[in-house]
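What follows is a short report on a single structure.
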Amino acid sequence: MFMTKNVLKNLMTKYATRLYPFKKRETFKDVKGELKIEMEKCILCGVCKMRCPSQCITVDKQAKTWGVDPFSCVYCGICVDACPVKCLYQEGLYRAPLAEKDMILHIQEAAPAP
Ligand code: SF4
Ligand code: SF4
């Protein structure tokens with residue numbers, strides 16, 4: 001009897017889930033989304049790399065590159081708060097799911113020449 005009542009109730013009400021990614025959920029205010037960098041401001045100090053709990057940031061002073069593995073990042077924002085020149089920020093968007101062929105395992109940006 002309990003189950004019949006539940007089935008009937010569920011047939012009459014809207015779905016509790018969304019058809020993601022076709023139906024996207026709007027983000028909340030101040031959501032911590034995808035990590036971005038303004039590479040021209042980065043001084044390659046490595047503080048973000050040292051503070052990252054997921055160890056997903058790489059900083060190579062010699063090659064003048066900064067990189068993040070977006071699949072390891074947990075969007076905590078610790079690196080954003082720790083950066084002394086405030087060149088890291090988080091967009092108010094969630095990272096879109098990528099098809100296997102489009103997978104970027106390592107996003108790397110080079111610092112501009114001095
Ligand atoms: S903490 Fe900021 S300036 Fe230092 S390496 Fe990271 S992004 Fe660059
Ligand atoms: S947001 Fe958190 S997990 Fe992602 S790179 Fe920054 S410190 Fe690491």
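Some observations on this one:
- A110 passes every criterion in (1) modelled with pLDDT of 85 or more; (2) within 16 Å of ligand 1 (Cβ to nearest atom); (3) among the small types (G, A, S) apart from (1).
- Residue count for region 29-60, restricted to those that are within 16 Å of P84 (Cα to Cα) and either away from ligand 2 (no atom under 13 Å from the Cβ) or touching a residue at least 60 places away in the same chain (Cβ under 8 Å) (or both): 9.
- In a residue-by-residue description of region 64-73, the property of being more than 16 Å from ligand 2 (Cβ to nearest atom) and either surrounded by 12 or more Cβ atoms within 10 Å (Cβ to Cβ) or not β-branched (V, I, T) (or both) applies to at least one position.
- With respect to the conditions (1) among the hydroxyl-bearing types (S, T, Y); (2) at pLDDT below 90; (3) surrounded by fewer than 15 Cβ atoms within 10 Å (Cβ to Cβ), T4 falls short on a single one, namely (2).
- Residue tally, condition surrounded by 13 or more Cβ atoms within 10 Å (Cβ to Cβ) and either under 15 Å from the mean Cα position of the chain (by Cα) or at negative phi (or both), over region 44-62: 12
- The criterion of at least 3 residues that are away from ligand 1 (no atom under 16 Å from the Cβ) and closer than 23 Å to P112 by Cβ is met by none of the strands (runs of 3 or more DSSP E) falling completely within region 1-97.
The values are calculated or read from the model by the stated rules, or taken from the named source; none is laboratory data. Every value quoted in this text rests on a predicted model; they were computed, and no experiment measured them. Don't worry about glycine lacking a Cβ; one is built from the backbone with ideal geometry, like all the others, and counts go over all protein chains shown.
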